[in-house]
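The values are calculated or read from the model by the stated rules, or taken from the named source; none is laboratory data. Just so it is clear, the model here is predicted, and its values are computed rather than measured. Neighbour counts run over all protein chains shown; Cβ positions are idealised from the backbone, glycine included. Areas reflect the complete protein model, heavy atoms only, side chains present, ligands, DNA and RNA absent. Shrake-Rupley method; radii C 1.70, N 1.55, O 1.52, S 1.80 Å.
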Amino acid sequence: DIQVQGKARDDSYVKEIWIASEPLAIAVSDKEIPFSQPVHLQPGWNNFKIKVVDITGKEKTADWSVFLDQQGPEVSFLDIKPVGASDVEVSGEIADESPVSGFLLNDKQVSLSDGKTFDVKLSVAPAWKISFKASDLAGNQTEGVVNLNSGPKGAMLEKQGPYREASLFN
């Protein structure tokens, strides 16, 4: 929920205030009435109207749109390949409904091409891990660790090195 607040004004006195099809209780008409009303939001875009009616029946409406984003960015690693004894080249992309505000790999800021793709060279020794943290403008975060010493569950590492490639079982 969000709290919608404001003041309704009219020279011939405010009689009604409606927020998202819900009337607010007004004890006495007045030229200016402050209001505050919670509005329940669903994920994504939420559109609603605020309507004010004066004592002569004239109406004034305003359209409002609020975007609710409660999920962190989705981070996809497309390729992790060795480029030296302790370095890897990492590429991937980030998807989110809000713009991505920050992306860290092994605690270093990574710039995104087109706001969503990355391709960087990282030093991974001695831990042989890639930590990641992505944030969006709504304040949501996604973080985790890719362990290069072992494959994901259900996958088998090929014998070329601890971080070469993983292939799924058939």
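Below is a table of values for the structure above.
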{"item": "Long-range neighbours under 9 Å by Cβ, at least six apart or interchain, first residue farther than 21 Å from Q5 by Cβ and loosely packed, with under 11 Cβ neighbours inside 10 Å within the range 41-56, second among the polar types (S, T, N, Q) and modelled with pLDDT under 90", "result": "T56/S12"}
{"item": "Count of residues meeting criterion [at pLDDT below 90 and not aliphatic (A, V, I, L, M)] in the range 134-146", "result": "0"}
{"item": "Residues within the range 3-38 that are aliphatic (A, V, I, L, M) and closer than 15 Å to A62 by Cα, tallied", "result": "5"}
{"item": "Filtered residues of the range 93-111 (kept if more than 12 Å from D136 (Cβ to Cβ) and in a loop (DSSP other than H, G, I, E, B))", "result": "N106, D107, V110, S111"}
{"item": "Selection from the range 80-92 of residues that are hydroxyl-bearing (S, T, Y) and part of a strand (DSSP E or B)", "result": "S91"}
{"item": "Whichever residue in the range 1-31 is open to solvent by less than 50 Å² (accessible area, probe 1.4 Å) and not in a strand (DSSP E or B) and, among such residues, is farthest from F48 (Cα to Cα)", "result": "S29"}
{"item": "Unique residue being in contact (Cβ under 8 Å) with a residue 60 or more places away in the chain, of a type outside the set (S, T, N, Q) and touching a Ser or Thr at 6+ places or on another chain (Cβ under 7 Å) when the list is G92, G72", "result": "G72"}
{"item": "Complete set of residues in the range 104-114 that are within 16 Å of V146 (Cα to Cα) and open to solvent by less than 100 Å² (accessible area, probe 1.4 Å)", "result": "L104, L105, N106"}
{"item": "E59 vs. criteria under 30 Å from F35 (Cβ atoms), among the acidic types (D, E), open to solvent by 60 Å² or more (accessible area, probe 1.4 Å) and over 26 Å from the mean Cα position of the chain (by Cα)", "result": "yes"}
{"item": "Evaluation of F77 against (1) open to solvent by 80 Å² or more (accessible area, probe 1.4 Å); (2) within 30 Å of V120 (Cβ to Cβ); (3) in a strand (DSSP E or B) (one fails), failing number", "result": "(1)"}
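The rows are residues; the columns are (1) open to solvent by less than 50 Å² (accessible area, probe 1.4 Å); (2) under 18 Å from the mean Cα position of the chain (by Cα).
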{"position": "V83", "(1), (2)": "no, no"}
{"position": "D87", "(1), (2)": "yes, no"}
{"position": "D96", "(1), (2)": "yes, yes"}
{"position": "G102", "(1), (2)": "yes, yes"}
{"position": "K116", "(1), (2)": "no, yes"}
{"position": "V124", "(1), (2)": "yes, no"}
